[in-house]
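Colleague: Below: one structure in structure tokens.
The values are calculated or read from the model by the stated rules, or taken from the named source; none is laboratory data. Predicted model, so just to flag it, every value in this text is computed and none were measured. No Cβ is skipped: glycine too gets one built from the backbone with ideal geometry, and neighbour counts run over all protein chains shown.
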Amino acid sequence: MTESCLFQYNKGERKKSYNTGKRRVDEIETSDHRNNKIATSATQIERLLWATAASMMLFAFVFDTPLGILQGIGRLIEHPDALITDYSSIGGFGATFFNAGMIMSLSIFIIKRSHAAISGPTIACVFLMSGFSMFGKNIANVWPIILGVYLFSRFRREKFSQYVYIALYGTALSPMITEVAMRFGNFWSKLLAVSACGVLIGFMLPPLATYCLRVHQGYNLYNVGFAAGLVGTLLVSLMKSFGYEVNNTLSWTYENNPLVIGYILTLSVVLMVIGLLKIENKKSILRIYRHSGRLVADFVLMDGLPVTLFNMGSLGVVATFYILITGGTINGATMGGILTIIGFGAFGKHLRNIIPIVGGVYLGSLVKVWNINDPAVQLAALFGTSLAPISGQYGWPYGVLVGFIHSSMALNTGILHAGLNLYNNGFSAGILALIIVPIIETFKKHRDQFVIKRED
């Protein structure tokens, strides 16, 4: 009787079972189906990411010759990368797109070599890496930090796959590597200095990132940006105390290029079309809006890849038109913001939870001392969507509120790390989430208690 209630395999064949056994069989078959579906999605995601990286590198040749692109990348490597450094104004769009494609390819390769799971977080990370490769990350300054996190994993005797995303996100402090390299003259002293700096950052970020997630409770999607801001503040404070000052200069392209606009819109529309063609039930598109976006929100696992792709594309279209309608510029820096939003369309963001944030930043520009199309404010609107989970969890009025406050904080927190943390908005978002979420929870709890008393 016991044996008949438990299903067993014998030479690849399933034995007859009673009801209990049949349920077990169904569960295993469902599990196998789910695993196959996940594996298929992983393959499709990998192909999509490689195709996007290739398109960026090929698109670079629309703007420049191979020699011109090589020279432009050389200028990117040699130039300081502190915020805000729009690579299109330094090396041209050819070098900018090729650099972004190379960094994107590098990210995919590292993730694959580490044997990490490929899903929504992968899409978010890889798109973010390509985006920030248009204003701050280059093929030279990302390696020391990645190496540092890798050595940390070896020190802990744990698989690098557990830390690979922190390693890639941790390149937020790449400008720190460039800044250190510029302080030394010969090659070997540069190499030693940047290696030491990279290892130091790599050993600090993983434990700090884990702790920061607990602090803001998943309401800041750019969690490593928060951790990187704290590390950057510490290191810059030490540098200044020994007399080292970081010189920040704004590098910004103020003219729109129709080809660049065409590329980002084409990419977004292609994602929407691919998703739309593969969605079996069109009503399922709206399903994604039921999620708050609070970490960890893997849309690929929760709603499937087709719905996720459609969501990513729609975010790209809306973000692009927002910049254009408000009089902004689609350059390297804003492209970075749009690509990041597209990527996080697989990991926490959708139109329902980002629009209130952007709306709050826009309302702030109407009454504050800056204009909506100022460079820093454009980036605050794009990257401020890091706080989308607050809007998704508590409702759009709170989203507008945090967007309104965030623009003020983002334009001031950069002083702490001297612009050497590329994810400055992630840093300010972490601080704001730490402040605002407990207050919202307190008032919400008080309101709920008041409603209960009135009903009684």
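Colleague: Can you tell me which residue within region 393-440, out of those that are out of contact with any helix residue (DSSP H, G or I) (no Cβ under 6 Å at 6 or more places or on another chain) and within 28 Å of residue 244 (Cβ to Cβ), is surrounded by the fewest Cβ atoms within 10 Å (Cβ to Cβ)?
Modeller: Looking at the filtered set, the residue picked out is 412.
Colleague: Can you tell which of 96, 52 is hydroxyl-bearing (Ser, Thr, Tyr), at pLDDT 95 or above and under 30 Å from residue 416 (Cα atoms)?
Modeller: 96
Colleague: Here's a follow-up. Looking at residue 219 and the list (1) closer than 19 Å to residue 146 by Cα; (2) crowded, with 21+ Cβ neighbours inside 10 Å; (3) of a type in the set (Phe, Trp, Tyr), which single condition is not satisfied?
Modeller: For residue 219, the failing item is (1).
Colleague: Also, quick follow-up: For a quick check of your reading of the model, give me the residue pairs whose first member lies in region 347-358 and is on the phi > 0 side of the Ramachandran plot, whose second is among the aromatic types (Phe, Trp, Tyr), with beta-carbon atoms closer than 9 Å and at least 6 apart or on different chains.
Modeller: 348/299
Colleague: Could you say which residue among 139, 90 is within 19 Å of the chain's Cα centre (by Cα) and among the β-branched types (Val, Ile, Thr)?
Modeller: So the residue among 139, 90 that is within 19 Å of the chain's Cα centre (by Cα) and among the β-branched types (Val, Ile, Thr) is 139.
Colleague: Looking at (1) modelled with pLDDT of 95 or more; (2) more than 23 Å from the chain's Cα centre (by Cα), which one does residue 78 not meet, given that it meets all the others?
Modeller: With (1) modelled with pLDDT of 95 or more; (2) more than 23 Å from the chain's Cα centre (by Cα) applied to residue 78, the lone miss is (1).
Colleague: Taking region 228-266 as the search range and keeping residues that are of a type in the set (Phe, Trp, Tyr) and surrounded by 11 or more Cβ atoms within 10 Å (Cβ to Cβ), which one is nearest to the chain's Cα centre (by Cα)?
Modeller: 263
Colleague: Another one. Is it fair to say residue 221 is out of contact with any Pro (no Cβ under 6 Å at 6 or more places or on another chain), outside any helix (DSSP H, G or I) and hydrophobic (A, V, I, L, M, F, W, C)?
Modeller: It is true that residue 221 is out of contact with any Pro (no Cβ under 6 Å at 6 or more places or on another chain), outside any helix (DSSP H, G or I) and hydrophobic (A, V, I, L, M, F, W, C).
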